[in-house]
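A short worksheet on the structure shown next.
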There are 2 protein chains.
Amino acid sequence: MRTLKYAILGLLNQKKMTGYDLMKQFESALCEFWSAKHSQIYPELKKLTEEGCVAYRQEASDNGLEKKLYHITEKGRTDFMSWLSSETPAQPTPKDISRLKIFFCSCLPKEERKFMLEEQVYRHTARLKHLQNNQQKFSQVPDSDSNEFGDYLVLMGAIMREEMMIEWLKKSISLLN
Amino acid sequence: MRTLKYAILGLLNQKKMTGYDLMKQFESALCEFWSAKHSQIYPELKKLTEEGCVAYRQEASDNGLEKKLYHITEKGRTDFMSWLSSETPAQPTPKDISRLKIFFCSCLPKEERKFMLEEQVYRHTARLKHLQNNQQKFSQVPDSDSNEFGDYLVLMGAIMREEMMIEWLKKSISLLN
DNA sequence: ATTTGCATGTAATCTGTTACATGATTCA
DNA sequence: TGAATCATGTAACAGATTACATGCAAAT
């Protein structure tokens, strides 16, 4: 389905970047719903260059080192926009090890069941706090035409996801016995 | 991480099954948080047999066809229990194409933005109804020592996930403009 | 002097999907 | 007679992670 292709094109559509910059974007802005290591990004950029979806200019970075500054081409923009407008196919299951373990929790001795669920509550609470902290950087809701609008929506979605997880886990704990 | 191994062991720990039965379980009971096709299940069963985690007896099925009825071994049970008790490593991002598209939604013309989000609301509403229907099969909360307890918890979790998604999408729509 | 960050790549491996392949039985 | 279900497998490919590999600059 080439999703990585479109994630990269979408980012390069916002601004010119190096492979390294893209990697940083996956670690920060996209981390709540997509990920990619540099070992996947660099080969994909090579492929996209061959396809004519991106191009680069060799530049010297601040320090004087070599770097490749990538930008999106017309073909790249066309491909990206048609992907964005296309219907999203029914998502395959989001695989979730925690839920798998909870599914099998009746195999565990009673004390451990509660312990397992509480450990998860702790994790998600920490994550929620971190996300709420990020949200404070927005003094108001960004305009829906700006690039930050997407950031705002997915951050809101991530917060709601964590809140839901905590609520579910606590409800589950209350059902033990 | 061999998660498929433990999913299969967990199911075989509940009862003896054929590869085909396991496939059906992935399609029904586990479908909200794990998936596996038969082309992955059969080779994994072969590997688990070699490892000594499972064993099988060749049997004739109802109709007279050959089938392999798998059961878990002591080693398999030990492996499964130690996996279940171990700490779950920090989950890698659950990849989500819908969220990725929403992240880039400011690239779309205004009318299409709303359309995209509403299409998602429709999808998740249908899914929610289906799950709520399944929940009605439980006349009460199963005992936390029974196998159905896990079913009940993950179904509840899936319902809450869909409710959260709908709420998030509607909130997002209200923020357009 | 050593670690961290910038910067780029390849190789080996693992995980998962789609397609190929077969064959009997049951139901419409 | 043809489609659906039961039943089992392999091969090719796609997607993603871990490890291998290099090198300069800046900060500690």
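The values are calculated or read from the model by the stated rules, or taken from the named source; none is laboratory data. Owing to the predicted nature of the structure, the values given are computational and were not obtained by experimental measurement. FYI the Cβ positions are ideal-geometry reconstructions off the backbone, even for glycines, and counts take in every protein chain you see. The area values use the complete protein model at the heavy-atom level, side chains included, leaving out ligands, DNA and RNA. Shrake-Rupley method; radii C 1.70, N 1.55, O 1.52, S 1.80 Å.
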**OP:** Filter the range A:26-45 down to the residues that are surrounded by 15 or more Cβ atoms within 10 Å (Cβ to Cβ) and away from DNA strand C (no atom under 12 Å from the Cβ), then identify the one that is nearest to B:SER98 (Cα to Cα).
**Re:** A:PHE33
**OP:** Considering every residue within the range B:106-113, establish whether at least one is of a type in the set (Ser, Thr, Tyr) and open to solvent by 50 Å² or more (accessible area, probe 1.4 Å).
**Re:** no
**OP:** Scan the range B:56-74 for residues that are surrounded by fewer than 16 Cβ atoms within 10 Å (Cβ to Cβ) and within 25 Å of the chain's Cα centre (by Cα) and jot them down.
**Re:** B:LEU69, B:HIS71
Original post:
Restricting the range A:102-111 to residues that are within 8 Å of chain B (Cβ to nearest Cβ) and not in a helix (DSSP H, G or I), which is farthest from DNA strand D (Cβ to nearest atom)?
Top reply: A:LEU108
Original post:
Of the residues that sit in the range B:5-32 and are of a type in the set (Phe, Trp, Tyr) and closer than 24 Å to B:ALA60 by Cα, which one is nearest to the other protein chains (Cβ to nearest Cβ)?
Top reply: B:PHE26
Original post:
Within the range B:81-97, can one find any residue that is in contact with a Phe, Trp or Tyr (Cβ under 7 Å, 6 or more places away or on another chain) and more than 8 Å from chain A (Cβ to nearest Cβ)?
Top reply: yes
Original post:
In the list B:LYS114, B:LYS129, which residue meets the criterion of being under 18 Å from A:PHE149 (Cβ atoms) and more than 9 Å from chain A (Cβ to nearest Cβ)?
Top reply: B:LYS114
Original post:
Residues B:LEU48, B:LEU117: which one is outside the structural domain of B:LEU11 (by TED's automatic domain parsing), surrounded by 17 or more Cβ atoms within 10 Å (Cβ to Cβ) and either within 16 Å of DNA strand C (Cβ to nearest atom) or within 22 Å of B:ARG161 (Cβ to Cβ) (or both)?
Top reply: B:LEU117
Subject >> Matching residues, the range A:125-177, being charged (D, E, K, R), open to solvent by 80 Å² or more (accessible area, probe 1.4 Å) and not in a loop (DSSP other than H, G, I, E, B) >> reply: A:ARG127, A:LYS129, A:GLU148, A:GLU163, A:GLU167, A:LYS170, A:LYS171
